Amino acid sequence: MSPRSGPLLHLWLPARRSFDSRHPLLERLQRTDRLDDGATGYLEGLGESFVGVDANLPAAAITREYLVGDAADTCWLSADPAWVQPDMTGARLLACGQLQLDMAEAQALAEPLQPVFVDAGMQLLVSTPDRWHVQLPPGLAPPRFDAPEQAMGEDLSQHLPAGAEGRPWRILLNEVQVLLHQHPLNAQRRARGLAPVNSLWLWGGGRLPDSMRSALDGVISDDLLLRALAARADVAQLARAPQTVAAAGPGWLIDLQDLPASEIAAAWWPSLQPLFERHPLQLHFASGERWLHRPWHRWRFWRGGKP
């Protein structure tokens, strides 16, 4: 089944399996209409709202332009702080960004790395504590790097550029990891019970696109790339807050896909619940399942059971 015509208010939610049977959202789901499955995962989910978003998205240039405004006419690469855990077979990516850094700590970690990038003809720039960018010289095109969601929890060797073309990048990453492993700030972080920042994740290379296109009127999100895409598409974008969620209407996307289901129930449900009474909603779970809820669906008392 597909949605009927007319604008909808879109809720982008975590994977369906993360919601337990007592979650208030599931009671609403029992009265909705099941739709055909949509996109799964983060990048595919963005692609449902913005034309042309795929694994080759130049996320680095888009986010750098949004944050600083200097991305035009240059090729960029994201170099986000990461935590890599060695194991018996190699090393796995366990976190990328969101490592509780402040700007002073980020600058301190980046300082010994910057000469390594300069020697390779590049410039490493700290745009925010969680988002770092590499400015590439003219003529140097980055090989394809996987997005963090594609590599999370997996052996890094499966996600690094291969062959002779990828060898300089593998050497560069190895130098970065050695320098970060030796950085005194990481010893301090471990003493505070925090994960070390012992690598960078390179991804999202390319040039700034002329424009983006979206059918949305606006987005409510704390996700940097989603908000940067919205700005590039001239779509309104607001930070996620109870008041902005409560005021959302058809044509808008409320992004909750990065939150634990328990937090949605505890902190966001009071703002979400009235929306079910006022607007037609499309609920899109990150695992692909989609449902349509219209205000009159609340009278479907005969519906029950597990959705």
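Each reported figure results from applying straightforward, stated rules to the coordinates on display, with no laboratory input. As the structure is a computational prediction, the values presented were derived from the model and not from experiment. Glycine gets a Cβ as well: all are built from the backbone with ideal geometry, and neighbour counts include every protein chain shown.
A few notes on this one:
- Three principal axis extents describe the C-alpha atoms of segment 145-199; from largest down they are 39, 23, 14 Å.
- Rounded tilt (10° steps) of 269-278 against the dominant C-alpha axis of the chain: 50 degrees
- Long-range amide H partners of W132 with built H, under 5 Å: A79, D80, S127
- Scattering profile of the chain at q = 0.10, 0.13, 0.16 Å⁻¹ [log10 I(q)/I(0), Debye over alpha-carbon scatterers]: -0.62, -0.97, -1.29
- √(5λ) per eigenvalue of the Cα gyration tensor, segment 59-207, largest first, Å: 22, 19, 14
- Expected-Rg normalisation [2.2 N^0.38 Å, Cα atoms] applied to segment 102-190: 1.15
- Convex hull volume per residue, computed on the Cα atoms of segment 1-119, equals 232 Å³.
- The calculated FRET efficiency for the pair L67 and A236, based on their C-beta separation and a Förster distance of 22 Å, comes to about 0.75.
- Nearest-0.05 FRET efficiency for L185 and A91, computed from C-beta distance (R0 25 Å): 0.80
- Kirkwood hydrodynamic radius computed over segment 188-307 comes to 17.3 Å, based on all pairs of distinct alpha carbons.
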